[in-house]
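Presented below is the structure to which this report refers.
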Amino acid sequence: MKKRQLLISLLIAVVLLALVYLQVRTWRHFDWAVFIAKTRQANWLMVALSVALIYFDYYLRAVRWAIFLRPVKKVSAASLTPSQFIGFTGLALLGRPGELIRPYIVARKQGLSVASQLAVWTVERIFDTGAFGTLLMISSVIFRDQLKTLPYFDKFVRYGIPVAFAFAFCLLGFALLLRFRTAQLAGLAERILGRSPRLAQAASHKITTFGDGLNTIHDFASFVQLVLMSLLIWGMIAVCYWTITHSYNDPSLRMPISYVLLLMGFSVVGGVAQLPVVGGGSQLMTITALKHVFGVPPGLAVSCGMLCWMVTFLSCTPAGLLLARREHVSITQLAEEEEALVGAE
């Protein structure tokens, strides 16, 4: 497992180094003095507001997770909030291998199986993808005249939004298949792995537990709450990006909310390729979009892109580390335990 994670990290590092090399070639005449000056001129009260919005967003994620848990256990959002901060801190410090710390902490604190919380995490991803895709679609329809002046907008409408919804529907189809055909899929796994009874039993148990964990929507009212909460979460992130771009006193960054949602799309796509601590994909895609799509000067684009990444991705780290200390847990130890337990269950 560790060798596979190392290989994945090395591949991501190669891709990111190639992207950095291309950026350096493109910005051979990059003016670092402009970069420093623009960063210093940012309105840091607005940046602080952005951090506060992101922190509140983590609480909203805890509220949503509590709704997911209703069918099996009633818990308060306050009790789940530390796990959100610690989990996202693990993601910031460890990269994608730290992604599953959140469901592991929730499972450990609430006395639930890790597989069931991995199922909740999967459903959470479905709602996230669907909510963000919905906001992009609404924005592209309402503000079409405003957006069509941007380069590549037609390609974005033709390919970007459909791909986002296709991904969400694929996840939804996978989840529904596991939810309503759990016994059949568990039996199929046992038959395929029949030559190894121990492996067959383990696979069947994982599928059964994961399928049971997908029973995350208590009733129609809960479904409506989850949809509205997901839209609110991504709406808050959009407002956060808006405050960051408007913290610079520069006309090129006085973006309307329609532009901000599109910028978020680039950041989300780039966020798939993240290295521990230094990030990578998210800020590179954001910087590239700012320069080539929105026409922001290079020095200002780098400053704003880095600030967006620090606020939305890295700002949780101080609170996450403090909460981890209060909970007497180690981020790296959590990652190791989560990896071992996921492999064992």
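On the given criteria, is residue 231 more than 30 Å from residue 299 (Cβ to Cβ), modelled with pLDDT of 80 or more and either within 15 Å of the chain's Cα centre (by Cα) or not in a helix (DSSP H, G or I) (or both)?
Working: more than 30 Å from residue 299 (Cβ to Cβ): yes; modelled with pLDDT of 80 or more: yes; either within 15 Å of the chain's Cα centre (by Cα) or not in a helix (DSSP H, G or I) (or both): yes.
Here the answer is yes, as residue 231 does meet what is asked.
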Report, by residue number, each residue of the range 175-186 that is out of contact with any helix residue (DSSP H, G or I) (no Cβ under 7 Å at 6 or more places or on another chain) and either at pLDDT below 85 or more than 19 Å from residue 215 (Cβ to Cβ) (or both). 176, 177, 180, 181, 183
Which one of 127, 165, 156 is at pLDDT below 75, closer than 18 Å to residue 230 by Cα, assigned to a helix (DSSP H, G or I) and not polar (S, T, N, Q)? 165
Residue 138 fails exactly one of the following numbered conditions: (1) in contact (Cβ under 8 Å) with a residue 12 or more places away in the chain; (2) within 25 Å of residue 240 (Cα to Cα); (3) open to solvent by 20 Å² or more (accessible area, probe 1.4 Å). What is the number of that condition? (1)
In the range 198-231, which residue that is among the hydroxyl-bearing types (Ser, Thr, Tyr) and either in contact (Cβ under 8 Å) with a residue 24 or more places away in the chain or in contact with a strand residue (DSSP E or B) (Cβ under 8 Å, 6 or more places away or on another chain) (or both) is farthest from residue 70 (Cα to Cα)? 208
Just checking, how many residues over the range 141-160 are open to solvent by less than 40 Å² (accessible area, probe 1.4 Å) and within 22 Å of the chain's Cα centre (by Cα)? 1
List pairs: first in the range 238-260 and closer than 18 Å to residue 37 by Cβ and in a loop (DSSP other than H, G, I, E, B), second open to solvent by 10 Å² or more (accessible area, probe 1.4 Å) and among the basic types (Lys, Arg), Cβ under 7 Å, 6+ apart or cross-chain? 248/38
Search the range 52-73 for residues being among the charged types (D, E, K, R) and in a helix (DSSP H, G or I), and hand back the single one that is nearest to residue 315 (Cα to Cα). 57
How many residues are part of a helix (DSSP H, G or I) and either over 12 Å from the mean Cα position of the chain (by Cα) or under 9 Å from residue 168 (Cβ atoms) (or both) if we restrict to the range 109-121? 9
Qualifying residue in the range 30-53 (condition: farther than 30 Å from residue 239 by Cα, at pLDDT below 95 and among the hydrophobic types (A, V, I, L, M, F, W, C)): no
For residue 236, work out the one condition from (1) in contact with an Asp or Glu (Cβ under 6 Å, 6 or more places away or on another chain); (2) surrounded by 16 or more Cβ atoms within 10 Å (Cβ to Cβ) it doesn't fulfil. (2)
Failed item, numbered, when residue 104 is tested on (1) crowded, with 19+ Cβ neighbours inside 10 Å; (2) over 20 Å from residue 282 (Cβ atoms); (3) at pLDDT 90 or above: (3)
Looking only at the range 270-282, decide whether some residue is modelled with pLDDT of 90 or more and among the β-branched types (Val, Ile, Thr). no
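The values are calculated or read from the model by the stated rules, or taken from the named source; none is laboratory data. If you're wondering where the values come from, they're calculated on a predicted model, not measured in any experiment. Note: ideal-geometry Cβ built from the backbone for every residue, glycine included; neighbour counts use all protein chains shown. Just the protein is used for accessible areas: all its heavy atoms, side chains included, with ligands, DNA and RNA removed. Shrake-Rupley method; radii C 1.70, N 1.55, O 1.52, S 1.80 Å.
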